[in-house]
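Q: Here's a structure for you.
The values are calculated or read from the model by the stated rules, or taken from the named source; none is laboratory data. Note that this is a predicted model, so its numbers are computed, not measured. In this analysis, Cβ positions are derived from the backbone assuming ideal geometry, glycine residues included, and neighbour counts consider all displayed protein chains. Heavy atoms of the whole protein, side chains included, go into the accessibility calculation; ligands, DNA and RNA do not. Shrake-Rupley method; radii C 1.70, N 1.55, O 1.52, S 1.80 Å.
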Amino acid sequence: MLDLDDDNRDVRLVLLVGVVIGLVNLVYVFVASPVHVGIDYRVYHLAGNVALEGGNFYQAVPDGLPGYFHYVYPPITVLGFVPLALLGSETIGFAVHTAQTVLVGLAAAWLLVRYLERVGDGRLPWLDRGLIGAFVVGSVHSMSSLFFGQVNHHLVAALVVGFVALDTDRETLAGAAFAFAAFLKVFPAAVGLWLLRRRAWRAIAAAVGFAAVGFAAGLAVFGPELTVAYVERAIIPRFSPEAFAGGLDPGETYLTIRRPISVLLPTVDPPLYGLLAGLVLAPPVVYLYRTIEDREDRLVSIMGTMAAVLVFFPSFPIYFVILYFPLIPLLYLLESGRPRQLLLAGALVSSVAVRYDDVLTGFEMAGESPQLLETVVRPVFTFVTPGLMGVLVILGACLLQRRRKHGPQFVVRNGPETQ
């Protein structure tokens, strides 16, 4: 139960640090690299214009951008950007898109607050409400989506709707929401593991049906050629393992368990890294799935699922946002103890958005010896990044909480689905 008399300064600090670093990141991009502002929205805007002209928007690349900056979502989704393209100006379209993104993020934050207050049987102070809203909309994990013009706030909102709906036994809505998230980014489809564990058959049916309707609509409106182009240009490259051959370069920003695996086993055939990642992550997920007797069990199991999904795929740090549910609820709801301390620490470390290139630039500006960079910093960032370390600590907190509450015995029970 949420005790509003508790001192939540530690949670507030974690949320505040994420927001402050997000604002610093925003200022840094505006000053150091203003050309990157709205870079993803330029792709969406061009795709909308090309769709209006009846062209292949998967081959359209904005002027001055590398070839990998092209549309990567299912064909039917481009209709969501056509109205923005009709505005004419990229600048106006980006402004409208940004305002819409902020509203979607605030809606997701409102759902999180409502969920916390419902399950905690209390009311959050306005300070906490404001920090949750600011964190969801503009933390270090979210701010990149804002200034790039991404759609990750929509992804967050869909996942929050899905999990909250599932918690109140509205499985059809949950399935549709999860399908929308997976329809946009593909990898959230792995949430299906949790739906199987919950035996949420109606949610699974709704998700499959929603996705089928979406792809059928794309075929009907744009024909098979663009659907094939979507698979070739968007799906297949996402699973390309070439970057991990011989060990991932420290300059690569991937947030994935495949990074340390590729460093420890550099001679392994790159396609096998995915299998090895699955073998590493499966045991902790199975352990968390052993019992879901109450809401806390389910939140911890969901956290383990989403953390494993995030680090299994060759994800980017920008996708840390998929952890907002249940990370934010757990920060408030998990009782005091070592698991909660680890959860707070993991969330805090995850906000340290420092890349190897940033450290390299800092060393050059400070005139420091390159020997320290090569002997200490480079090996560390080659093996692990702050973001990956933070996610693994969060996963460890879930495992510790599971063991503390239920012990090592093996019991598989579904328990009540809601309280």
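Q: Probe radius 1.4 Å, ligands and nucleic acids ignored: give me the carbon and sulfur share of the accessible area of region 166-298 as a rounded percent.
A: Reported share for carbon and sulfur atoms: 71 percent.
Q: Hey, if you drop one equal point scatterer on each alpha-carbon of region 33-100 and run the Debye formula without solvent, what base-10 log of I(q)/I(0) do you get at q = 0.26 Å⁻¹?
A: At q = 0.26 Å⁻¹ the computed log10 ratios are -1.24.
Q: I've got another one for you. Given the options Ser139, Ser315, Ser351, state which has the largest fluctuation in a GNM of the chain using a 10 Å cut-off (strictly under) for Cα springs.
A: For the chain, modelled as a Gaussian network with Cα springs under 10 Å, the answer is Ser315.
Q: Using packing as a proxy for protection, rank 252-258, 24-30 so that the peptide with the highest average count of other Cβ atoms within 10 Å comes first.
A: Per-residue Cβ counts within 10 Å, averaged per peptide and sorted highest first, yield 252-258, 24-30.
Q: What is the distance in Å between the Cα centroid of region 255-316 and that of region 1-73?
A: Value for the Cα centre distance between the two parts: 25 Å.
Q: Also: Test of understanding: extend the Cα→C-beta vector of Phe69 to 7 Å, then name every residue of region 21-51 with backbone N under 12 Å from that spot.
A: 34-46
Q: Follow-up. To check my understanding: the extent here is largest minus smallest coordinate of the Cα atoms along each principal axis. What are those three numbers for region 154-221, in Å, largest first?
A: Largest first, region 154-221 extends 35, 22, 18 Å along its Cα principal axes.
Q: Continuing with this model, one more query. From the square roots a ≥ b ≥ c of the eigenvalues of the alpha-carbon gyration tensor of region 130-259, which class results: rounded (a/c under 1.5), prolate (a/b over b/c), or oblate?
A: Because a/c hits 1.5 or more and a/b fails to exceed b/c, region 130-259 counts as oblate.
Q: Do the sum for the chain: with -39,500 (n - 2.57) for every DSSP H run of n ≥ 4, divided by all residues, what is the mean residue ellipticity at 222 nm, to the nearest 500 deg cm²/dmol?
A: Rounded to the nearest 500, the figure is -20500 deg cm²/dmol.
Q: Compute the whole-percent fraction of alpha carbon pairs in region 1-74 spaced more than 20 Å apart.
A: Summing the P(r) of region 1-74 above 20 Å gives 56 percent of all pairs.
Q: Note the listed values [x] 59, 58, 47; [y] 69, 59, 36; [z] 70, 51, 48, then indicate which one is Cα extents along the principal axes in Å calculated from this particular structure.
A: So the structure-derived entry is [x].
Q: Treating the Cα atoms of region 92-201 as identical point scatterers in vacuum, please give the log10 of the normalised Debye intensity I(q)/I(0) at q = 0.11, 0.21 Å⁻¹, two decimals.
A: Once normalised to I(0) and log-transformed, intensities are -0.38, -1.15.
Q: Can you work out the accessible area per residue across region 260-328, with the rest of the protein chains kept in place, probe 1.4 Å, in square angstrom?
A: The answer is 31 Å² per residue.
Q: Taking a ≥ b ≥ c as the square roots of the eigenvalues of the Cα gyration tensor of region 263-362, is the shape rounded (a/c under 1.5), prolate (a/b larger than b/c) or oblate?
A: oblate
Q: GNM, the chain, Cα, under 10 Å: largest mean-square fluctuation among Leu288, Leu265, Leu226?
A: Answer for the Gaussian network model of the chain: Leu265.
Q: Taking a probe of 1.4 Å, how large is the accessible area per residue of region 20-89, in Å²?
A: 48
Q: Name the residues whose placed amide hydrogens come within less than 5 Å of the amide hydrogen of Leu255, ignoring near sequence neighbours (fewer than 5 apart) on the same chain.
A: Ser315, Phe316
Q: Semi-axes of the equivalent ellipsoid for region 216-291, please: Cα gyration tensor eigenvalues, times 5, square-rooted, ordered largest first, whole Å.
A: Sorted largest first and rounded, they come to 31, 20, 10 Å.
Q: Further question on the same structure: With the Cα gyration tensor of region 126-178 giving a ≥ b ≥ c as the square roots of its eigenvalues, does the rule (a/c under 1.5 for rounded; else a/b larger than b/c for prolate; else oblate) give rounded, prolate or oblate?
A: oblate
Q: Oh, and also: Against the globular-protein guess of 2.2 N^0.38 Å, express the Cα radius of gyration of region 27-180 as a ratio, rounded to two decimals.
A: It is 1.18.
Q: Return the single residue from Gly93, Gly55, Gly214 with maximal mean-square fluctuation; model: Gaussian network over the chain, springs between Cα atoms under 10 Å.
A: With Cα springs under 10 Å in the chain, the top fluctuation among Gly93, Gly55, Gly214 is at Gly55.
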